[in-house]
Amino acid sequence: MLGATSDIARAVALRYAAAGWRLQLAARDDAALARECRDLTLRHGRPVESYLLDVVDPASVSALLARLTRLPDVVVCAIGRLGDQRQSETDGAELALTVAANYVGPAQVLGALAEQFVARGSGTLVAISSVAGERGRAANYSYGSAKAGLTAWLSGLRNRLALAGSPVRVVTVILGYAQTPMTEGMDLPGWLVSSPEAVAGRVVRAVERGQDVIYVSRKWRLIMAIIRLIPERVFKRLRL
């Protein structure tokens with residue numbers, strides 16, 4: 001579990017732990033990671049392995065890969081950073097951090113794990129992307145462009161593995177609004193907001209069913225289909 005201290009990752013981990021899976025958690029906050037491991041162990045009586053990971057630091061990614069004691073069967077990447085759109089418009093460091101956290105870092109670690117899965121001959125990679133990556137909006141286009149990059153990267157990896165006849169699977173989870181610290185304080189329509197538990201359920205089912213790309217909410221599939229059809233001359237004048 002990458003980004004294991006996020007609300008969504010925690011919900012996914014609880015589902016897998018309840019089903020009897022052995023868990024490996026990776027996150028950048030050592031104290032929060034330790035709490036998650038203790039909680040899961042107390043709840044389910046099974047040891048949980050933990051690894052420090054700062055996905056924007058290539059050295060940290062390399063260290064994680066070197067320290068893994070066993071190669072997991074399923075990897076779920078729930079790493080994301082909304083960032084500050086206004087700041088990223090003039091601050092290259094803020095823009096670079098947003099892109100690294102949402103695209104470059106996850107792609108680096110997932111790509112390395114994919115190669116190990118291919119060598120073993122099995123495994124599933126799951127990454128949470130966003131509807132924000134399907135069309136750039138003034139409100140969050142730095143974040144959206146990074147998620148667009150991740151979605152395209154996952155599609156390309158899935159295509160490459162399929163053409164090579166590899167059994168390794170790649171699952172893209174397209175998420176809309178969710179009840180997480182990232183959306184805290186936003187004035188959002190409740191009918192479009194998913195709970196971490198609902199997201200976790202969709203992730204686990206997608207892995208079980210062998211799906212390639214899922215929208216956490218079917219409402220968002222329809223909404224984004226409509227948004228993609230809006231002509232650019234109209235779209236550029238909309239506040240979405």
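Table for the structure above
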read-out: Single unsatisfied condition, GLN179 versus (1) buried (at least 21 other Cβ atoms within 10 Å of the Cβ); (2) over 24 Å from GLY111 (Cβ atoms); (3) of a type outside the set (Gly, Ala, Ser); value: (1)
read-out: Which listed residue is open to solvent by 80 Å² or more (accessible area, probe 1.4 Å), closer than 23 Å to ALA78 by Cβ and basic (Lys, Arg), from ARG221, ARG228, ARG237, ARG158; value: ARG221
read-out: Residue ranges of helices (runs of 4 or more DSSP H) in segment 140-240 with at least 3 members more than 24 Å from ARG81 (Cα to Cα) and touching a strand residue (DSSP E or B) at 6+ places or on another chain (Cβ under 7 Å); value: none
read-out: Residue list for segment 93-135, restricted to those being crowded, with 21+ Cβ neighbours inside 10 Å, in contact (Cβ under 8 Å) with a residue 60 or more places away in the chain and in a strand (DSSP E or B); value: VAL126, ILE128
read-out: Cross-chain or 6+ apart pairs with Cβ under 8 Å, segment 220-240 first and in contact (Cβ under 8 Å) with a residue 12 or more places away in the chain and closer than 21 Å to VAL193 by Cβ, then of a type in the set (Phe, Trp, Tyr) and part of a helix (DSSP H, G or I); value: ILE227/PHE235
read-out: Lone qualifier among VAL55, VAL12 - being part of a loop (DSSP other than H, G, I, E, B) and either open to solvent by less than 30 Å² (accessible area, probe 1.4 Å) or at pLDDT below 95 (or both); value: VAL55
read-out: Segment 60-78, residues that are closer than 14 Å to GLU49 by Cα and not aliphatic (A, V, I, L, M); value: ARG67, THR69, ARG70, PRO72
read-out: Among the candidates GLU36, GLU49, residue that is in contact (Cβ under 8 Å) with a residue 12 or more places away in the chain, among the acidic types (Asp, Glu), open to solvent by 20 Å² or more (accessible area, probe 1.4 Å) and part of a strand (DSSP E or B); value: GLU49
read-out: Some residue of segment 80-90 being over 15 Å from the mean Cα position of the chain (by Cα), open to solvent by 20 Å² or more (accessible area, probe 1.4 Å) and within 24 Å of THR124 (Cα to Cα); value: no
read-out: Selection count, segment 184-240, where residues are among the acidic types (Asp, Glu) and closer than 28 Å to ARG15 by Cα; value: 4
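The values are calculated or read from the model by the stated rules, or taken from the named source; none is laboratory data. Note that the structure is predicted; figures quoted are calculated from it, not measured. Note that each Cβ is placed from the backbone with ideal geometry, even for glycine, and that neighbours are counted across all protein chains shown. Each accessible area value is taken on the protein alone, full model and side chains, heavy atoms only, with ligands, DNA and RNA left out. Shrake-Rupley method; radii C 1.70, N 1.55, O 1.52, S 1.80 Å.
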